[in-house]
Amino acid sequence: MSQEASKEKLELLVNGKLPWEEIKKLLRMTHKQTSRFWQYLDIMQAKVSWKEKILLPLTDHLYIVRKDDGARVVKCDCGHEFGDYRINWKFGCDIYVRKTREEFAEVYTIEPCPIDPDLVEIREYYCPSCAALLAVENVPPGYPPLFDMLPDLDTFYREWLGRPLEDESLDWYQDKTADLLSRWSSEAQA
Ligand SMILES: [Zn+2]
């Protein structure tokens, strides 16, 4: 059997149309080529309507892309941009918070709902442009939004893919969310 995963097969996989037997064959492959990542990016790039280069898919709808001015931003497949990928994109979302058992019951079918509203709230994060549900988190009330993934893109491209990004720099890999919050705070006081 061939050890190559064809781009056609990957395309079916990405679109949820690859039969389970074929998925199992892919999972069993001992040699997983890095070319598969480039094929995956090609497929993703062909699915979106905008032209910015995708550096890494983050979720079903979100991607880190490089803009013409060199910025690396989080972008929704609808085209909405959330800004610098080092700032938690959840701060740019429309957020719906469920705080009561009645609100929990709208999304949990288990009776009675096992989640205690004194301990947990359910937050749903939506794209402000296309209203896609981007993430859900169950956290204690008042807990800061979880930063699900801040990837070290330069290390990933250099060490794992063997193809360093041309704008590689040590400055990239840092959480900038606090900068946004201090900007909001000073704006609120102005
Ligand atoms: Zn969107």
| task | Output the Cα-based Rg and Dmax of region 43-85 in Å, rounding Rg to one decimal and Dmax to a whole number. | result | 9.0, 25
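Please report, in debye to the nearest 20, how large the charge dipole of the chain is about its Cα centre when each Lys and Arg carries +1 at its beta carbon and each Asp and Glu carries -1 there. Mind showing how you got there, number by number?
Working: 25 positive and 34 negative charges, 148 e Å.
Using Cβ point charges on Lys, Arg, Asp and Glu, the chain gives about 720 debye.
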| request: Among D148, D94, D167, determine the one that fluctuates most according to a GNM of the chain built with springs between C-alpha atoms less than 10 Å apart. | output: D167
| remark: Of R72, R163, R98, the most mobile residue in a GNM of the chain (C-alpha springs, cutoff 10 Å) is R163
| Rg and Dmax of region 54-190 over Cα atoms: what are they, in angstrom? | 17.6, 54
| Kirkwood hydrodynamic radius of region 96-177, from inverse mean 1/r over distinct Cα pairs, in Å | 15.9
| task | Evaluate Rg over Rh across region 1-98, taking Cα atoms for both radii and Kirkwood's formula for Rh. | result | 1.06
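Fewest to most neighbouring Cβ within 10 Å: what's the order for Y126, Y143?
Details: Y126 15, Y143 12.
Going from least to most buried by this count: Y143, Y126.
For region 24-126, which GluC sites (Glu not before Pro) are both in a DSSP coil and crowded by at most 12 other Cβ atoms within 10 Å?
Working: sites: E52, E81, E102, E103, E106, E121, E124; in loops: E52, E106.
Loop-located and lightly packed - E106.
What's the exposure ranking of R183, R66, going from fewest to most Cβ atoms within 10 Å? Walk me through the intermediate numbers first.
Values: R183 10, R66 18.
Ranking R183, R66 by Cβ neighbours within 10 Å, fewest first, gives R183, R66.
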| query | In the Gaussian network model of the chain, springs joining C-alpha atoms below 10 Å, which of P112, P151, P57 carries the largest mean-square fluctuation? | reply | P112
| query | Scaled to the compact-protein estimate 2.2 N^0.38 Å, what is the alpha-carbon radius of gyration of region 145-185, rounded to two decimal places? | reply | 1.46
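Read-outs throughout are calculated quantities, based only on the coordinates presented, and are distinct from any laboratory measurement. Keep in mind that this is a model prediction, so the values were computed, not measured. In this analysis, Cβ positions are derived from the backbone assuming ideal geometry, glycine residues included, and neighbour counts consider all displayed protein chains.
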